[in-house]
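Working notes for the structure below.
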Amino acid sequence: MHEWAIANAIIREVESRLKSSLGIRRLRVVLGELQNIDEGVLRQYLDMMMKEVAPEVDYDIDYEEAVFQCNRCGHTWTLKDVELSDEEREAIHFVPEAVHAYVKCPRCGSRDFKVVRGRGVRLVYEVEENA
Ligand SMILES: [Zn+2]
């Protein structure tokens, strides 16, 4: 259950931010498309922990689409732009590193590309001033 570890990491980060007196009014937890996370489970943990650590902070969970960029021709694309079977799409969700085995640049066919966005978990804060 890595959702527990992820929730813990988020809570730690929120806690240290609150201690450093950087205000948080709202937190956006952005889950990358190439991250296999059960949103329902993560939300359960976060609800529980946030209530204890930072009851004043609202949070949302958002998704961000994966974006790839070819190292050979510079082309950028998303998973929507490539033809994949359901099985391949599923594999990529469970083992994000496998993306290099299934995906190639739709323009030049190279498998030498980088993941520009959509990997891991990002935290975006809204602070008091912007409220
Ligand atoms: Zn290319």
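Each value in this text was obtained by applying a stated rule to the coordinates, not by laboratory testing. This is a predicted model, so every value here is computed, not measured. Positions of Cβ are backbone-derived with ideal geometry, glycine not excepted, and every protein chain shown enters the neighbour counts.
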- 10 Å-binned pair-distance histogram of the stretch 1-52 (Cα, whole percent): 22, 55, 21, 1
- Task: Could you list the residues of the stretch 39-80 with an amide nitrogen less than 19 Å from a label point located 7 Å from the Cα of residue 25 in the Cα-to-C-beta direction?
- Result: 54-61
- Query: Which distance in nm do the two modelled labels at residue 121 and residue 48 give, with both placed 7 Å along the Cα-to-Cβ direction?
  - Reply: 1.4
- Item | Karplus 3J(HN,Hα) series, Hz, for the stretch 73-87 with 6.51 cos²θ - 1.76 cosθ + 1.60 (x for Gly, Pro) | 10, x, 4, 10, 7, 10, 5, 5, 7, 10, 8, 9, 6, 4, 4
- Using only Cα atoms, find the angle between the long axis of helix 39-53 and the longest principal axis of the chain, and express it within 0 to 90 degrees, rounded to the nearest 10. 30
- Note on the structure: Scanning the chain, every Cys lacking a C-beta partner under 4.7 angstrom -> none
- Quick one: divide the alpha-carbon radius of gyration of the chain by 2.2 N^0.38 Å and tell me what you get. 1.25
- Message: Just to be sure I follow the rule: in the stretch 2-130, considering lysines 8 or more places apart or on different chains, how many pairs have Cα atoms under 30 Å apart?
- Response: 4
